[in-house]
Amino acid sequence: MATTFLPPGTSDITPEEIPQWRFVENAASRIFQLYGYLEMRTPVMEFTELFQRGIGDETDVVKKEMYSFEDKGGRGLTLRPEGTAGIMRSFAGTDVMNGNERRVFYMGPMFRGEKPAAGRKRQFHQIGVENAGGVSTLADAESMAMLAQYLDEIGITGYSLLINTRGSFEDRIAAEVLLREKLSKRSNELCDDCKERLGRNVWRVIDCKNPNCSAIVDELPDITDSFSAESRSYFEEVRGHLDKMGLEYTVDSKLVRGLDYYAHTVFEVTHSGLGAQNSLAGGGRYEVPVPGSKRPVPGVGFALGVERLLMARESLGAENPHLRKLDVYMISLGAAAVDANVIMSMTLRKAGISTVVCGGDKSMKGQMRAANRLSARFALIRGDQELERGVVVCKNMETSEQREIPEGEILEFDFRTRR
RNA sequence: GUGGUUGUAGCUCAGUUGGUUAGAGCGCCUGGUUGUGGCCCAGGAGGUCGGGGGUUCGAAUCCCCUCAUCCACCCCA
């Protein structure tokens, strides 16, 4: 039936797909731990104010994409649209404020009320890392190195790493004034969206895809030149580390990113196998303002879109891990055999052997088919004859070989490695 | 939010200029083997043709609305 009773932009992750999800998740956990990161889990919902302050009131994400609601106590809550704000909320007021590093990674669902398209869902999944309190150019470069190692590890090739600097917050404010001044002169030539952005969010004009806007932006002097010497040398240092590490990257002066908390280094990984949403991962250095905290929480991190990782892997024809097969399917002929098999199934499972007992009154043929469908390695068959003699018939489903095993010796047979 | 695309069986899809009981492949069930799967053969079950309204003697087919899908814009992971 075509009626899929699902909220738009959501989908099931089926048992058949789970192995690929586990594959990229397990690899993330393994690689990130090599860099000293530990897993952390924060709530899927937070106070709305956390995102308004953290991500920025004027960002598109906050302005029009959040799933916000009031709970029964009248509290304004929001389903998290990204992972950084929650982590920083947790770290606010701790020693990370004094520059002590906390390296954590997370994975889980995020929610944004956008129109679904290729590589874009309303509930999507991110794997992210944060080096909170890690204020150094090395921390920036190292997160990119870790990202690259991870992508290599899961078999994603052909991506590009784009980097840029947004300067310090002070630089940004100065640059905004400058940008607004320059762009205002030609505001009548900008697209409607950019006219809007001019007032509240000048930076977004820079990466506008509209050809007219883009041409105007191209004529602007390099904004980076207006940054302080400190900001510029910070960026130079980051690039120096990247070069040392042997990472390939492209400096893209139009890379600005959409969240307000970024300052200094920003980066993005793009891939051609994704359709219009070509961004696999994005991140950078940030200072996240958190309600209740006097100072913003600093750090550097990135997030990857899991659905997009899987799309990229698929476009590359990457091998997917296969489903684990069932060890034993128990076939019973008659009620007495069912009872005996139920008891034996408990013994097998306690010994670590995955076992399914047919509970219905299917025919022998029907039960054999079921065993086949479940890709069982072995079928254990028991009817009146076997019960009487205290044995079970053990059939290797791949080779069709059959042998009898005395009931008491069932655990001596090695079902796992098929002996 | 805007634009386009598609919506027929569990799945992938046919269905000619509107015309009688809406089809195929795969899957599923049964039988061909008293208690033996996959391959083959025979048979069978399964459809509010996304939903609502309209035009017509008659609509899966034409018109309108609606919902959903996919894609693009936008935004971002």
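Collect residues whose amide H, placed 1.01 Å from N in the peptide plane, falls under 5 Å from the amide H of residue A:264; neighbours closer than 5 in sequence don't count.
Long-range HN contacts for residue A:264: A:166, A:167, A:168.
Want the number for residue A:251 to residue A:160: 0.36 nm per residue separation, take away the alpha-carbon distance, what's left?
Numbers: separation 91, 0.36 × 91 = 32.76 nm, distance 1.07 nm.
Full-extension gain reported as 31.7 nm.
Can you give the angle from 0 to 90° between the axis of helix A:137-153 and the longest principal axis of chain A, with both taken from C-alpha atoms, to the nearest 10?
30
So, in nm, how far is label residue A:272 from label residue A:47 when the simple model puts each one 7 Å beyond its Cα toward the Cβ?
Between residue A:272 and residue A:47, the label points sit 4.8 nm apart.
Shape call for segment A:322-369 from the C-alpha gyration tensor, a ≥ b ≥ c root eigenvalues: rounded (a/c under 1.5), prolate (a/b greater than b/c) or oblate? Before the final figure, lay out each step's value.
Numbers: a/c = 3.51, a/b = 1.26, b/c = 2.79.
It comes out oblate by the Cα gyration axes.
Kindly identify segment A:328-412 as rounded, prolate or oblate by the Cα gyration tensor criterion: order the square roots of the eigenvalues as a ≥ b ≥ c, call it rounded if a/c is under 1.5, otherwise compare a/b with b/c, prolate if a/b is larger, else oblate. Please list the in-between numbers first.
On the way: a/c = 1.24, a/b = 1.07, b/c = 1.15.
Rounded shape, in that the Cα axes give a/c under 1.5.
Taking θ as phi - 60°, what are the ³J(HN,Hα) couplings along segment A:285-296 by the Karplus curve (6.51, -1.76, 1.60), each to the nearest whole Hz, with x for Gly and Pro?
Those phi angles translate into 7, 8, 9, 9, x, 10, x, x, 10, 5, 10, x Hz.
When only Cα pairs under 8 Å and 6 or more residues apart are kept, what is the percent relative contact order across chain A? Don't skip to the end; give the middle numbers.
Details: 715 pairs, mean separation 68.1, N = 419.
Taking the mean separation of contacting Cα pairs over the length of chain A, I get 16 percent.
Taking a cut-off of 23 Å between Cα atoms, list the lysines near residue A:185, but don't count ones fewer than 8 places away on the same chain.
Counting by Cα, and skipping residues close in sequence, residue A:185 has these lysines nearby: A:195, A:209, A:254.
How large is ³J(HN,Hα), in whole Hz, for each residue of segment A:370-379 in order, when computed from phi with the Karplus curve 6.51 cos²θ - 1.76 cosθ + 1.60 and θ = phi - 60°, using x for Gly and Pro?
With coefficients 6.51, -1.76 and 1.60, one gets 4, 4, 5, 5, 7, 6, 5, 6, 10, 10 Hz.
Need one number: nm distance between label points at residue A:403 and residue A:33, each 7 Å from Cα along Cα→Cβ, rounded to one decimal.
It is 3.8 nm.
Length gain on complete extension for the stretch residue A:58 to residue A:26, per 0.36 nm per residue less the alpha carbon to alpha carbon distance? Kindly include the intermediate steps, with their values, before the conclusion.
Numbers: separation 32, 0.36 × 32 = 11.52 nm, distance 3.59 nm.
Full extension from residue A:58 to residue A:26 adds 7.9 nm.
Add -39500 (n - 2.57) for each DSSP H run of 4 or more in chain A, then divide by its residues: what number comes out at 222 nm, to the nearest 500 deg cm²/dmol?
On the way: 14 runs with 152 residues, N = 419.
About -11000 deg cm²/dmol.
Tell me, how many Å apart are the Cα centres for segment A:308-354 and for segment A:358-419?
Segment A:308-354 and segment A:358-419 have Cα centres separated by 14 Å.
Can you compute the modelled spin-label distance between residue A:196 and residue A:414, with each label point 7 Å from Cα toward Cβ, in nm?
Using points 7 Å along Cα→Cβ, the separation is 6.7 nm.
Classify segment A:211-295 as rounded, prolate or oblate, taking a ≥ b ≥ c as the square roots of the eigenvalues of its Cα gyration tensor: rounded when a/c is under 1.5, otherwise prolate if a/b is larger than b/c and oblate if not.
On the way: a/c = 1.21, a/b = 1.18, b/c = 1.02.
Note, shape of segment A:211-295 comes out rounded.
Subtract the Cα-Cα distance of residue A:94 and residue A:115 from 0.36 nm times their separation in residues, and report this length gain in nm to one decimal. Spell out each step's value before the answer.
Values: separation 21, 0.36 × 21 = 7.56 nm, distance 3.82 nm.
Contour length minus Cα-Cα distance gives 3.7 nm.
No lab work stands behind these numbers, since they all come straight from the coordinates. These figures come from a predicted structure and were not determined experimentally. Cβ atoms come from the backbone with ideal geometry, glycine included; neighbour counts cover every protein chain shown.
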